[in-house]
1. Using Cα springs under 10 Å in a Gaussian network model of the chain, which residue among Lys152, Lys224, Lys14 shows the largest mean-square fluctuation?
2. Counting each DSSP H run of 4 or more residues in the chain as -39500 (n - 2.57), what helix-only mean residue ellipticity at 222 nm follows after dividing by all residues, to the nearest 500 deg cm²/dmol?
3. Using 0.36 nm per residue of separation minus the Cα-Cα distance, give me the extension gain between Ser83 and Arg200 in nm, one decimal.
4. By Kyte-Doolittle mean hydropathy of at least 0.5 and Cα axial length of at least 20 Å, which whole DSSP H helices of the chain are selected?
5. Modelling each spin label as a point 7 Å along the Cα-to-Cβ direction, I'd like the Phe231/Thr52 distance in nm, to one decimal.
6. Could you list Tyr105, Tyr117 so that the one with the fewest beta carbons within 10 Å of its beta carbon is first and the one with the most is last?
7. Separation of segment 147-175 and segment 64-96 by C-alpha centroid, Å?
8. Springs between alpha-carbon atoms under 10 Å, Gaussian network over the chain: tell me which of Leu179, Leu229, Leu144 tops the mean-square fluctuations.
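Bear in mind that the values in this text are calculations on the coordinates, not laboratory data. Remember, predicted model here, so these are calculated numbers, not experimental data. Heads up, the Cβs are rebuilt from the backbone with ideal geometry, glycines too, and the neighbour counts pull from every protein chain shown.
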Amino acid sequence: MNQVLLCFPGGRHKALTLSYDDGRSADRRLVELFNRHGLRGTFHLNSGLFGTPDRVPEEEVRTLYAGHEVSAHTRTHPTIARSPNEAIVHEIIEDRRQLERIVGYTVRGMSYPNGSYDRRIRSMLPGLGIEYARVVPSTGQFGLPDDWLEWKPTCHHNHNLMELAETFAGLHKKQYLYLMYVWGHSYEFDQDGNWERMERFGAFIGGRSDIWYATNIEIVDYVKAYERLKFAASLEFVHNPSATSVWLSVNGEIVEVEGGETKALGTAVDQ
């Protein structure tokens with residue numbers, strides 16, 4: 001039987017994503033840094049706080065975050081585990097509605113405000129159109145999440161960032177998929193006086209041909225497209241019902257399965 005493994009786009013086995021909360025004015029400098037080094041990020045915004053001090057104004061959101069992802073963070077940033085269901089629905093749906101009006105695409109992810117969530121909130125999210133939600137506890141590891149609605153990052157940018165980046169850059173075993181996920185708040189760089197840390201990180205990790213630089217939702221969508229593939233029982237061919245290409249390693253060879261395509265994977269040998 002063919003040996004078939006999922007790859008990231010282009011046949012890569014490593015991906016990097018970044019996630020920053022609150023839409024503070026320091027995002028301008030952070031986005032410029034990302035763009036300069038070819039990094040991709042997701043920015044979780046509170047639409048009800050536009051116009052308050054030190055926030056990116058509504059009229060700047062679409063242009064500033066172009067090429068990145070704008071995601072939800074609730075409308076006014078409450079500690080939602082203490083909130084009634086009605087308030088949670090309002091906070092998430094209104095945040096989505098306002099952000100979607102501004103950016104012109106569906107907002108399908110979020111980070112939990114104040115890191116606040118529980119099973120009740122998690123169970124509500126699919127019905128509110130949320131497909132992933134990032135939590136605060138970090139793993140220090142490079143795996144894909146078991147639960148998109150409890151997505152644990154690799155690290156906060158203040159916790160072993162360069163050490164983890166160096167480890168990540170050196171990972172070479174292609175039988176695994178590796179994801180490095182960094183999170184934080186851009187205002188922390190001003191507060192802590194450590195912008196140089198992120199500059200070093202970007203210069204070191206950016207521009208590498210073996211890394212897929214992606215937003216949070218791009219990773220979710222790509223993995224879900226793989227999960228929708230329809231394989232023959234023999235693994236001799238596969239149909240991709242999605243609109244996006246999915247890359248596979250088939251007996252060590254990289255194969256692109258285009259959207260809508262039925263692709264032969266070679267003659268399988270029974271084992």
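1. Lys224
2. -9000 deg cm²/dmol
3. 38.1 nm
4. Length and hydropathy pass: none found.
5. 4.8
6. The fewest-first ordering by Cβ neighbours comes to Tyr105, Tyr117.
7. 26
8. Leu229
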